[in-house]
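Structure, as structure tokens:
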Amino acid sequence: MAQNFMNANAIHAVAGSSKLKATVCGHIYNIIAAADIDNGCIVGKGAWQGMETYAEAAATTFTGKIVDQAANGNWYIEVLTAANAYLVLTVPMTYIETPKQFAHEKYFYNAKDDIMRCYELVPGDIFELSAEGFGGATDPSKGASVTVSSKKVTVA
């Protein structure tokens with residue numbers, strides 16, 4: 001399996017999980033990345049691969065609403081509906097040799113074949129997502145409805 005990667009030449013999405021049921025009593029699964037992927041993407045859990053890992057699949061259902069903007073500029077998203085929908089949120093491994101300026105999460109992504117930590121989403125969950133985590137042509141704004149398209153949270 002590959003290791004997670006830091007890339008100081010690109011800014012990647014940053015996500016937060018502090019208001020997810022999965023952090024207390026829900027499910028957190030190990031899902032193998034089908035391609036390079038940022039934290040904050042929404043994926044589905046596919047077939048068992050062995051040793052508590054699953055293949056990546058497409059999320060079945062995910063809708064949400066942007067409820068506010070955090071002081072750091074990220075967006076709070078409340079989950080409205082979710083079925084086979086998991087938030088990719090792997091904690092980056094930083095080493096002593098990593099220069100401090102490159103150790104920030106915005107330089108982190110999950111490489112193809114990485115084992116990602118994926119948090120089960122349920123209605124009522126709230127997660128945080130930076131602007132880089134949104135796909136589509138419409139910018140995020142408070143009150144906007146969101147869905148998932150090509151694994152990215154997208155303003156509807």
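The values are calculated or read from the model by the stated rules, or taken from the named source; none is laboratory data. Here the structure is a predicted model, which means the values were calculated and not measured. Every residue, glycine among them, receives a Cβ derived from its backbone with ideal geometry; neighbour counts consider all protein chains shown.
Residue count for the stretch 35-54, restricted to those that are loosely packed, with under 15 Cβ neighbours inside 10 Å, at pLDDT 95 or above and hydrophobic (A, V, I, L, M, F, W, C): 3. A search for C-beta distances below 7 Å between a residue of the stretch 76-92 that is of a type in the set (D, E, K, R) and any residue that is assigned to a strand (DSSP E or B), counting only pairs 6+ apart in sequence or on different chains, returns 78/64; 78/65; 78/67; 78/126. Are any of the residues in the stretch 104-116 over 21 Å from residue 68 (Cα atoms), surrounded by fewer than 22 Cβ atoms within 10 Å (Cβ to Cβ) and without any contact (Cβ under 8 Å) to a residue 12 or more places away in the chain? Scanning the stretch 104-116, I find at least one residue that is over 21 Å from residue 68 (Cα atoms), surrounded by fewer than 22 Cβ atoms within 10 Å (Cβ to Cβ) and without any contact (Cβ under 8 Å) to a residue 12 or more places away in the chain, so the answer is yes. Just a yes or no: is a residue in the stretch 2-16 in contact with a helix residue (DSSP H, G or I) (Cβ under 6 Å, 6 or more places away or on another chain), surrounded by 14 or more Cβ atoms within 10 Å (Cβ to Cβ) and modelled with pLDDT of 95 or more? Taking every residue of the stretch 2-16 in turn, none turns out to be in contact with a helix residue (DSSP H, G or I) (Cβ under 6 Å, 6 or more places away or on another chain), surrounded by 14 or more Cβ atoms within 10 Å (Cβ to Cβ) and modelled with pLDDT of 95 or more. Which members of the stretch 127-141 meet the condition of being in contact with a His (Cβ under 9 Å, 6 or more places away or on another chain) and outside any loop (DSSP other than H, G, I, E, B)? Within the stretch 127-141, 132, 133 qualify. Given (1) in contact (Cβ under 8 Å) with a residue 24 or more places away in the chain; (2) farther than 17 Å from residue 91 by Cβ, identify the lone condition not met by residue 47. The single condition residue 47 does not satisfy is (1). Just so you know, in the stretch 117-156 the residues that are over 21 Å from residue 58 (Cα atoms), hydroxyl-bearing (Ser, Thr, Tyr) and touching a residue at least 40 places away in the same chain (Cβ under 8 Å) include one that is surrounded by the fewest Cβ atoms within 10 Å (Cβ to Cβ), and it is 141. Residue 34 passes every criterion in (1) closer than 16 Å to residue 129 by Cβ; (2) part of a loop (DSSP other than H, G, I, E, B); (3) in contact (Cβ under 8 Å) with a residue 40 or more places away in the chain apart from (1).
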